[in-house]
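K.L.:
Before I ask anything, here is the structure I am working with.
The values are calculated or read from the model by the stated rules, or taken from the named source; none is laboratory data. Please read all numbers here as calculations on a predicted model, not as lab measurements. Reconstructed Cβ throughout: ideal geometry from the backbone, glycine too, with neighbour counts over all protein chains shown.
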Amino acid sequence: MKQILIFTLLVMSAWPILMTEEYAGGGQQKPDSNTVEQELLRLEREWLNAYEGRDVAAMERIVADDFTLTFGDGSVIDKAQAIADLKRPGPIDSTLKFSTEDVKVRVYGDTAILTGRVIEKRQRQNRDAVSESRYTDTYVRRQGRWQVVASHLSRLPPKRTAITVDPKIYDLYVGQYELTGGRVLTLTREGNALMSQPTGQPKFELFPESETSFFLKGPDVQLVFVKDKDGRVTNLVLREGGQNVRVSRKIN
(Lines give C-alpha, C1' and ligand atoms only; values in the text may rest on other atoms or scores of the structure.)
Protein backbone atom coordinates (compact mmCIF):
# COMPACT_ATOMS: atom_id res chain seq x y z
CA MET A 1 0.00 0.00 0.00
CA LYS A 2 2.82 2.35 0.87
CA GLN A 3 4.56 1.58 -2.45
CA ILE A 4 1.34 2.35 -4.40
CA LEU A 5 0.99 5.69 -2.60
CA ILE A 6 4.58 6.66 -3.42
CA PHE A 7 4.06 5.73 -7.07
CA THR A 8 0.88 7.81 -7.25
CA LEU A 9 2.62 10.86 -5.77
CA LEU A 10 5.47 10.53 -8.26
CA VAL A 11 3.05 10.41 -11.19
CA MET A 12 1.12 13.44 -9.91
CA SER A 13 4.31 15.46 -9.45
CA ALA A 14 5.39 14.67 -13.01
CA TRP A 15 2.04 15.58 -14.53
CA PRO A 16 2.69 19.37 -14.92
CA ILE A 17 5.97 18.60 -16.70
CA LEU A 18 4.25 16.20 -19.07
CA MET A 19 1.57 18.76 -19.82
CA THR A 20 4.18 21.34 -20.90
CA GLU A 21 5.66 18.83 -23.33
CA GLU A 22 2.37 17.75 -24.92
CA TYR A 23 -0.85 19.32 -26.10
CA ALA A 24 -3.56 18.54 -23.59
CA GLY A 25 -5.58 15.67 -25.02
CA GLY A 26 -3.58 15.67 -28.26
CA GLY A 27 -0.61 13.58 -27.29
CA GLN A 28 1.55 15.53 -29.80
CA GLN A 29 4.84 17.18 -28.97
CA LYS A 30 4.69 20.99 -28.80
CA PRO A 31 6.28 22.55 -31.91
CA ASP A 32 9.60 24.28 -31.42
CA SER A 33 9.30 28.07 -31.63
CA ASN A 34 12.00 28.21 -34.31
CA THR A 35 10.07 25.64 -36.35
CA VAL A 36 6.90 27.75 -36.15
CA GLU A 37 8.80 30.88 -37.13
CA GLN A 38 10.34 29.20 -40.16
CA GLU A 39 6.94 27.86 -41.23
CA LEU A 40 5.42 31.32 -41.07
CA LEU A 41 8.31 32.87 -43.00
CA ARG A 42 7.92 30.16 -45.63
CA LEU A 43 4.20 30.95 -45.93
CA GLU A 44 4.98 34.67 -46.31
CA ARG A 45 7.34 33.87 -49.17
CA GLU A 46 4.78 31.58 -50.83
CA TRP A 47 2.15 34.31 -50.49
CA LEU A 48 4.40 36.83 -52.28
CA ASN A 49 5.13 34.22 -54.95
CA ALA A 50 1.38 33.85 -55.45
CA TYR A 51 1.11 37.55 -56.23
CA GLU A 52 4.10 37.43 -58.59
CA GLY A 53 2.85 34.39 -60.53
CA ARG A 54 -0.91 34.95 -60.08
CA ASP A 55 -1.14 31.57 -58.39
CA VAL A 56 -4.80 31.30 -57.40
CA ALA A 57 -4.43 27.85 -55.79
CA ALA A 58 -1.67 29.11 -53.48
CA MET A 59 -3.73 32.17 -52.60
CA GLU A 60 -6.73 29.98 -51.73
CA ARG A 61 -4.55 27.86 -49.44
CA ILE A 62 -2.65 30.61 -47.62
CA VAL A 63 -5.38 33.23 -47.23
CA ALA A 64 -8.28 32.58 -44.84
CA ASP A 65 -11.86 32.95 -46.00
CA ASP A 66 -12.37 35.86 -43.56
CA PHE A 67 -9.22 37.65 -44.73
CA THR A 68 -9.07 41.46 -45.04
CA LEU A 69 -6.32 43.65 -46.46
CA THR A 70 -6.29 47.29 -45.31
CA PHE A 71 -4.27 49.92 -47.16
CA GLY A 72 -2.77 53.12 -45.80
CA ASP A 73 -5.57 55.22 -47.32
CA GLY A 74 -8.17 53.22 -45.39
CA SER A 75 -9.49 51.15 -48.31
CA VAL A 76 -10.12 47.46 -47.65
CA ILE A 77 -10.33 44.36 -49.84
CA ASP A 78 -11.30 40.79 -48.95
CA LYS A 79 -10.20 37.36 -50.16
CA ALA A 80 -12.59 37.32 -53.10
CA GLN A 81 -11.26 40.66 -54.34
CA ALA A 82 -7.64 39.56 -53.93
CA ILE A 83 -8.28 36.43 -55.97
CA ALA A 84 -10.21 38.39 -58.61
CA ASP A 85 -7.15 40.60 -59.03
CA LEU A 86 -5.02 37.52 -59.74
CA LYS A 87 -7.54 36.36 -62.33
CA ARG A 88 -7.57 39.67 -64.22
CA PRO A 89 -6.99 39.34 -67.97
CA GLY A 90 -3.62 40.01 -69.50
CA PRO A 91 -0.14 38.50 -69.32
CA ILE A 92 1.79 38.03 -66.09
CA ASP A 93 4.30 40.80 -65.43
CA SER A 94 7.53 38.80 -65.32
CA THR A 95 9.44 41.83 -64.01
CA LEU A 96 7.33 42.03 -60.83
CA LYS A 97 9.32 40.89 -57.79
CA PHE A 98 8.63 41.14 -54.06
CA SER A 99 11.13 40.93 -51.21
CA THR A 100 10.95 41.61 -47.48
CA GLU A 101 13.30 43.20 -44.95
CA ASP A 102 13.35 43.83 -41.19
CA VAL A 103 10.90 40.97 -40.64
CA LYS A 104 9.94 40.14 -37.05
CA VAL A 105 7.80 37.18 -36.00
CA ARG A 106 5.87 37.09 -32.73
CA VAL A 107 3.85 34.01 -31.81
CA TYR A 108 1.07 34.00 -29.23
CA GLY A 109 -0.24 30.46 -29.10
CA ASP A 110 -2.38 29.96 -32.21
CA THR A 111 -1.93 33.56 -33.34
CA ALA A 112 1.18 35.07 -34.93
CA ILE A 113 2.02 38.61 -36.03
CA LEU A 114 4.64 39.35 -38.68
CA THR A 115 5.91 42.88 -39.25
CA GLY A 116 8.46 44.29 -41.67
CA ARG A 117 8.97 46.07 -44.97
CA VAL A 118 7.95 44.72 -48.36
CA ILE A 119 9.76 45.99 -51.46
CA GLU A 120 8.00 45.84 -54.82
CA LYS A 121 10.10 46.08 -57.97
CA ARG A 122 8.99 46.10 -61.58
CA GLN A 123 10.09 47.59 -64.88
CA ARG A 124 8.30 50.55 -66.41
CA GLN A 125 9.51 51.96 -69.72
CA ASN A 126 12.86 50.15 -69.34
CA ARG A 127 13.39 51.67 -65.89
CA ASP A 128 13.15 50.07 -62.46
CA ALA A 129 10.11 51.21 -60.48
CA VAL A 130 10.53 50.52 -56.77
CA SER A 131 8.09 51.08 -53.93
CA GLU A 132 8.28 50.11 -50.26
CA SER A 133 5.56 49.56 -47.68
CA ARG A 134 5.39 48.75 -43.99
CA TYR A 135 3.24 45.72 -43.32
CA THR A 136 1.62 43.87 -40.44
CA ASP A 137 0.32 40.36 -41.17
CA THR A 138 -1.76 38.38 -38.70
CA TYR A 139 -1.82 34.58 -38.95
CA VAL A 140 -4.10 32.16 -37.09
CA ARG A 141 -3.60 28.41 -36.72
CA ARG A 142 -6.84 26.55 -37.33
CA GLN A 143 -7.03 22.76 -37.30
CA GLY A 144 -3.25 22.61 -37.30
CA ARG A 145 -2.81 24.87 -40.33
CA TRP A 146 -1.62 28.50 -40.43
CA GLN A 147 -3.50 31.03 -42.57
CA VAL A 148 -3.27 34.80 -42.86
CA VAL A 149 -6.48 36.48 -41.66
CA ALA A 150 -5.51 40.16 -41.79
CA SER A 151 -2.89 42.37 -43.39
CA HIS A 152 -2.16 46.09 -43.26
CA LEU A 153 0.00 47.95 -45.80
CA SER A 154 1.25 51.53 -45.50
CA ARG A 155 3.28 52.82 -48.41
CA LEU A 156 6.55 54.55 -47.51
CA PRO A 157 7.70 57.73 -49.27
CA PRO A 158 10.13 56.94 -52.11
CA LYS A 159 13.81 57.49 -51.52
CA ARG A 160 14.66 60.52 -53.63
CA THR A 161 18.10 62.01 -54.18
CA ALA A 162 18.67 65.70 -54.83
CA ILE A 163 21.07 66.63 -57.61
CA THR A 164 23.02 69.83 -58.27
CA VAL A 165 21.62 72.12 -60.96
CA ASP A 166 22.40 75.68 -62.01
CA PRO A 167 20.32 77.90 -59.68
CA LYS A 168 19.61 80.19 -62.64
CA ILE A 169 17.15 77.51 -63.80
CA TYR A 170 14.99 78.38 -60.80
CA ASP A 171 14.24 81.77 -62.35
CA LEU A 172 12.15 79.98 -64.99
CA TYR A 173 9.86 78.59 -62.30
CA VAL A 174 9.44 81.67 -60.11
CA GLY A 175 5.87 82.94 -60.09
CA GLN A 176 2.36 82.06 -58.98
CA TYR A 177 0.40 78.95 -59.91
CA GLU A 178 -3.37 78.62 -59.65
CA LEU A 179 -4.53 75.82 -57.37
CA THR A 180 -8.04 74.52 -56.75
CA GLY A 181 -10.36 76.32 -54.36
CA GLY A 182 -9.00 79.75 -55.23
CA ARG A 183 -5.64 79.04 -53.62
CA VAL A 184 -2.28 80.02 -55.08
CA LEU A 185 1.13 78.35 -54.98
CA THR A 186 3.92 80.94 -54.94
CA LEU A 187 7.44 79.97 -55.98
CA THR A 188 10.39 82.21 -55.14
CA ARG A 189 14.13 81.97 -55.45
CA GLU A 190 16.09 82.65 -52.29
CA GLY A 191 19.80 82.48 -53.07
CA ASN A 192 20.48 78.97 -54.37
CA ALA A 193 17.16 77.58 -53.16
CA LEU A 194 13.74 77.32 -54.82
CA MET A 195 11.00 77.88 -52.25
CA SER A 196 7.29 77.04 -52.47
CA GLN A 197 4.45 78.50 -50.40
CA PRO A 198 0.78 77.53 -50.79
CA THR A 199 -1.81 80.07 -49.63
CA GLY A 200 -1.97 80.18 -45.84
CA GLN A 201 0.96 77.79 -45.32
CA PRO A 202 4.67 78.21 -44.51
CA LYS A 203 7.43 78.04 -47.09
CA PHE A 204 9.02 74.72 -48.08
CA GLU A 205 12.22 74.24 -50.05
CA LEU A 206 12.02 72.28 -53.30
CA PHE A 207 14.90 69.93 -54.12
CA PRO A 208 15.76 69.07 -57.75
CA GLU A 209 16.02 65.51 -59.00
CA SER A 210 16.23 66.79 -62.58
CA GLU A 211 16.03 70.21 -64.22
CA THR A 212 12.23 69.99 -64.39
CA SER A 213 11.34 67.67 -61.50
CA PHE A 214 11.49 68.69 -57.82
CA PHE A 215 10.40 67.13 -54.54
CA LEU A 216 9.70 67.96 -50.91
CA LYS A 217 11.67 66.24 -48.17
CA GLY A 218 9.32 64.29 -45.94
CA PRO A 219 5.95 63.87 -47.66
CA ASP A 220 5.73 61.99 -50.95
CA VAL A 221 5.12 65.10 -53.08
CA GLN A 222 6.76 65.75 -56.43
CA LEU A 223 6.43 68.84 -58.65
CA VAL A 224 7.05 68.59 -62.40
CA PHE A 225 7.22 71.74 -64.52
CA VAL A 226 5.71 71.72 -68.01
CA LYS A 227 7.08 73.97 -70.75
CA ASP A 228 5.72 75.00 -74.11
CA LYS A 229 7.63 74.76 -77.39
CA ASP A 230 9.33 78.10 -76.68
CA GLY A 231 10.64 76.92 -73.30
CA ARG A 232 8.19 78.95 -71.20
CA VAL A 233 6.75 77.28 -68.11
CA THR A 234 2.97 77.02 -68.47
CA ASN A 235 1.92 74.40 -65.94
CA LEU A 236 2.94 72.59 -62.81
CA VAL A 237 1.98 68.94 -62.26
CA LEU A 238 1.72 67.89 -58.61
CA ARG A 239 2.26 64.21 -57.93
CA GLU A 240 1.46 62.58 -54.62
CA GLY A 241 1.95 58.90 -53.90
CA GLY A 242 2.92 58.29 -57.53
CA GLN A 243 -0.35 59.76 -58.84
CA ASN A 244 -1.02 63.04 -60.60
CA VAL A 245 -3.30 64.89 -58.23
CA ARG A 246 -3.88 68.13 -60.17
CA VAL A 247 -2.39 70.46 -62.79
CA SER A 248 -1.75 74.04 -61.74
CA ARG A 249 -1.72 76.87 -64.31
CA LYS A 250 0.93 79.54 -64.10
CA ILE A 251 -0.84 82.88 -63.73
CA ASN A 252 2.17 85.24 -63.55
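K.L.:
Quick one: would you say VAL130 is assigned by TED's automatic domain parsing to the domain that holds LYS104 and surrounded by fewer than 16 Cβ atoms within 10 Å (Cβ to Cβ)?
P.N.:
The answer is yes for VAL130.
K.L.:
Moving on. Report those strands (runs of 3 or more DSSP E) wholly inside segment 144-216 carrying at least 2 residues which are under 30 Å from VAL103 (Cα atoms) and not basic (Lys, Arg).
P.N.:
145-155
K.L.:
Could you give me the residue pairs with C-beta distances under 8 Å whose first residue belongs to segment 118-143 and is over 14 Å from TRP47 (Cβ atoms), whose second residue is among the aromatic types (Phe, Trp, Tyr) and not in a loop (DSSP other than H, G, I, E, B) wherever it lies, and which are 6+ apart or on separate chains?
P.N.:
ILE119/PHE98; LYS121/PHE98; VAL140/TRP146
K.L.:
Please determine, by comparing only the residues of segment 193-224 that are surrounded by 15 or more Cβ atoms within 10 Å (Cβ to Cβ) and in contact with an Asp or Glu (Cβ under 9 Å, 6 or more places away or on another chain), which one is farthest from GLY175 (Cα to Cα).
P.N.:
Filtering segment 193-224 for residues that are surrounded by 15 or more Cβ atoms within 10 Å (Cβ to Cβ) and in contact with an Asp or Glu (Cβ under 9 Å, 6 or more places away or on another chain), the one farthest from GLY175 (Cα to Cα) comes out as ASP220.
K.L.:
Could you give every pair whose Cβ atoms fall below 8 Å, whose first residue belongs to segment 60-80 and is farther than 19 Å from ARG45 by Cα, and whose second residue is modelled with pLDDT of 95 or more and of a type in the set (Lys, Arg), counting only separations of at least 6 or pairs across chains?
P.N.:
ASP65/LYS79; ASP66/LYS79
K.L.:
Ok, one more. Looking only at segment 188-220, count how many residues are within 28 Å of the chain's Cα centre (by Cα) and of a type in the set (D, E, K, R).
P.N.:
4
K.L.:
What single numbered condition from (1) charged (D, E, K, R); (2) part of a strand (DSSP E or B); (3) more than 22 Å from ALA162 (Cα to Cα); (4) without any contact (Cβ under 8 Å) to a residue 60 or more places away in the chain fails to hold for LYS229?
P.N.:
Going through (1) charged (D, E, K, R); (2) part of a strand (DSSP E or B); (3) more than 22 Å from ALA162 (Cα to Cα); (4) without any contact (Cβ under 8 Å) to a residue 60 or more places away in the chain one by one, LYS229 breaks only (2).
K.L.:
Another question about this same structure. Being modelled with pLDDT under 95, hydrophobic (A, V, I, L, M, F, W, C) and in contact with an Asp or Glu (Cβ under 6 Å, 6 or more places away or on another chain) is true for just one of LEU9, LEU18, LEU5, LEU96. Which residue is that? Walk me through it before giving the result.
P.N.:
On the way: LEU9 fails: in contact with an Asp or Glu (Cβ under 6 Å, 6 or more places away or on another chain); LEU18 fails: in contact with an Asp or Glu (Cβ under 6 Å, 6 or more places away or on another chain); LEU5 fails: in contact with an Asp or Glu (Cβ under 6 Å, 6 or more places away or on another chain).
Just a single option satisfies the conditions, and that option is LEU96.
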